[in-house]
Structure formats: C-alpha cells, structure tokens
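Scroll down for the structure; my scribbles are underneath it.
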Amino acid sequence: MIMSLPIGILQSNCCLVYDKTTRDGAIVDPGGDTAPLMKEIEERGIEVRYIINTHGHFDHVAANGALQSLDAPLALHPADRDLLAEGGGASWFDLAYVPSPAPDIDLHDGQVLTVGELHLHVVHTPGHTPGSICLYIPEDGALITGDTLFAGSVGRTDLPQGNPRALTESLKKLLALDYPPETKIYPGHGPTSTLARERQRNPWLRRLRAAGSED
C-alpha cells in the first residue's frame, strides 16, 4: 500500500509505504510538516522501519530530524551525503534549513529493502542530483521516482550538481527495465501516472524512444 501526501513549502510528495498485513512501513521523502504523516501512521498502526530520501534536496528531507523519534534508520545514496549535510540547497533560494541527521544506511543500485512482505528495489538514477534514486515495489506494482520522472515531465538539471547527460542515461535505464506497463508512478511532485502513459505521452521519453534508446 502506498499513500502519497503533498507536504512542505513546495508540496513535495511524501510517500508512506506499508504492508497491510504486517503493518511494517517506510517513509519516503519527508519534506515538511509531519502532522498529516504522523496522523496516518498512528491511525493505521504502522511500524516505520525506514526513512528513505530519494535525493538530498531540502524539500524532500526537511522532516528527517523531526522523525528521529520513530527510531527508524535514515537511508540515502552516498553521492548525496554532502548535499544533505550542506542544507539540501535551501540557501540557493534564501530559505532556512532544518538540519538533518546523517544517514544510517548508504543506498546503492540493486539494493533491496524489505518492509513486511514488500521489497523496495533501489534504482540509482543520477541527473537531478548525483545520488537520486527510484524505488520499485513489485508487490504494489509501483515505482517511486522522486524528482527523476514526473507525469509529463522530468527532473530539472539546472541546479548545482545537476547533470542533463546523466539524467538522460537514467531515463534510458528506466525505459529499459522490464517493468509492467501498468506500473504506477509516484513522482516527487505532482500527480501520479503509469509507466505506459509516460512512455506514450511524456515528451522526454517519447524523444528517447524515437531515437531508438530502447534498442
């Protein structure tokens, strides 16, 4: 089960992933106000096993510290450790930043985190940031894409450490993975979508397919 809650100053989507049978769960990208998130956790009786950041930008990590009381390890790709430690880019926009604790777990491509009977497969997708990841959850038919892939768009690469060539390669990687077309996409901002819809309608993915990137 996945709940997507838009929270924080930029309304980033925080995903609450949990096994409905065991009630084990994970929080992905806690970017701000924890009240709506904690309400859902308490009402559903969820035991949080991990707090996961898809990347280190402030609007996806701002509540890392506030959630330390859950006693769940924080997980992030090591390529974004410095970004997290430096404030997640809040200073670029003259915004205050709430410091985050250091990650307890370094994520890497191909790693699998187990939450109850769910398996969260880590896919390293650099470009928006060096350490950006996606999470594929086959049991839910879901792909949490952070700021790599949106409904009808892709992550920006004009901020410090953004890399358009790396993002292109990451999008090619996602296109090449053998996920079912009905896989539901949960992006870091905006509405959900499906992999099939993005293959057909997302102009960036259509351009890559037209160029033969899936061959």
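Between the entries (i) 64; (ii) 38; (iii) 32, the label attached to percent of Cα pairs over 25 Å apart calculated for this structure is (iii). Considering only GLU86, GLU117, GLU43, the mean-square fluctuation computed in a Gaussian network model of the chain, springs between alpha carbons under 10 angstrom, is largest for GLU43. Taking the Cα centre of region 2-210 as reference, the dipole from Cβ charges on Lys and Arg (+1) and Asp and Glu (-1) amounts to some 1000 debye.
Per-residue ellipticity at 222 nm computed for the chain from its helices equals -6000 deg cm²/dmol, with DSSP H segments shorter than 4 residues left out and the rest contributing -39,500 (n - 2.57). Given their separation in residues at 0.36 nm each and the Cα-Cα distance between them, THR22 and ARG199 gain 60.3 nm when the chain is fully extended. According to the Cα-based calculation, Rg over Rh for region 165-215 is 0.94, with Rh computed by the Kirkwood formula. When peptides 200-208, 144-152, 74-82 are sorted by average Cβ neighbour count within 10 Å, with the highest value leading, the order is 144-152, 74-82, 200-208.
For the peptides 119-128, 51-60, 187-196, residues were scored by their other Cβ atoms within 10 Å and the scores averaged per peptide; the highest-first order is 51-60, 119-128, 187-196.
Each Lys or Arg adds one and each Asp or Glu subtracts one; over the other residues with Cβ under 15 Å from the Cβ of THR114, this totals -4. Sequence-distant contacts, meaning Cα pairs under 8 Å at least 6 residues apart, place the relative contact order of the chain at 15 percent. Placing +1 on the Cβ of every Lys and Arg and -1 on the Cβ of every Asp and Glu, with no other charges, gives region 71-162 a dipole of roughly 200 debye about its Cα centre.
A short reminder: the numbers here are calculations on the coordinates, not readings from a lab. Bear in mind that the values here come from a model prediction, so they are computed numbers and not experimental data. Please note: Cβ atoms are built from the backbone with ideal geometry, for glycine as well, and neighbour counts cover all protein chains shown.
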